[in-house]
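The values are calculated or read from the model by the stated rules, or taken from the named source; none is laboratory data. These numbers come from a predicted model, not from an experiment. Quick reminder, even Gly has a Cβ in these numbers, built from the backbone with ideal geometry, and neighbours come from all protein chains shown.
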Amino acid sequence: MKVKDYYNGDCAKLLADKIKTMFPDFKGMQFWDYVEKNVQDKEFSGRMDVFADAFELYLPNDYEQNIGIFENILGAELKQETGMFSEGWWLWPIGRYVERHGIENVKVSLKFIKELTKNTNCIIKSLEE
């Protein structure tokens with residue numbers, strides 16, 4: 001299985017379920033359906049774009065609110081870098097969303113990127129030490 005293959009309908013369901021806990025009005029089934037229909041013929045970057053498109057379609061049109069939702073689903077920090085593929089992998093599409101919209105509020109974006117990085121790899125911990 002290639003890395004890109006993890007970013008499919010199952011990943012969309014995982015994200016939708018987590019988002020729904022923080023944002024009950026989230027249309028998780030529509031989000032899942034959109035991702036499932038649009039990722040099939042895409043490579044890794046294209047799949048990240050599909051997820052970002054789906055966030056744009058099904059989350060509020062409010063970047064700061066969406067970052068707040070994402071902050072609340074991050075989970076525990078990784079203890080070592082080996083967890084980035086086994087535990088933090090599902091967060092990568094959120095990074096694409098931030099890449100697209102981060103300029104809307106740089107301060108909020110940088111704060112969130114620091115937290116997101118703690119859940120997707122341990123590079124930030126090394127830099128802080």
The lone condition ALA12 fails out of (1) in contact with a helix residue (DSSP H, G or I) (Cβ under 8 Å, 6 or more places away or on another chain); (2) of a type in the set (Gly, Ala, Ser); (3) free of Cβ contacts under 8 Å to residues at least 12 places away in the same chain is (3)
When restricted to ASN66, ASN72, ASN61, the only residue at pLDDT below 95 and either in contact with a strand residue (DSSP E or B) (Cβ under 9 Å, 6 or more places away or on another chain) or under 24 Å from ASN105 (Cα atoms) (or both) is ASN72
Scanning the stretch 42-72 for residues that are under 12 Å from the mean Cα position of the chain (by Cα), of a type in the set (Asp, Glu) and closer than 16 Å to GLY9 by Cα, the one surrounded by the fewest Cβ atoms within 10 Å (Cβ to Cβ) turns out to be ASP53
Restricted to the stretch 29-41 and to residues being more than 14 Å from the chain's Cα centre (by Cα) and not charged (D, E, K, R), the residue farthest from ASN72 (Cα to Cα) is GLN40
Would you confirm whether any residue within the stretch 7-23 is surrounded by fewer than 17 Cβ atoms within 10 Å (Cβ to Cβ), assigned to a loop (DSSP other than H, G, I, E, B) and more than 14 Å from the chain's Cα centre (by Cα)?
no
Going by what's in this entry, would THR120 be described as under 12 Å from the mean Cα position of the chain (by Cα) and modelled with pLDDT under 95? yes
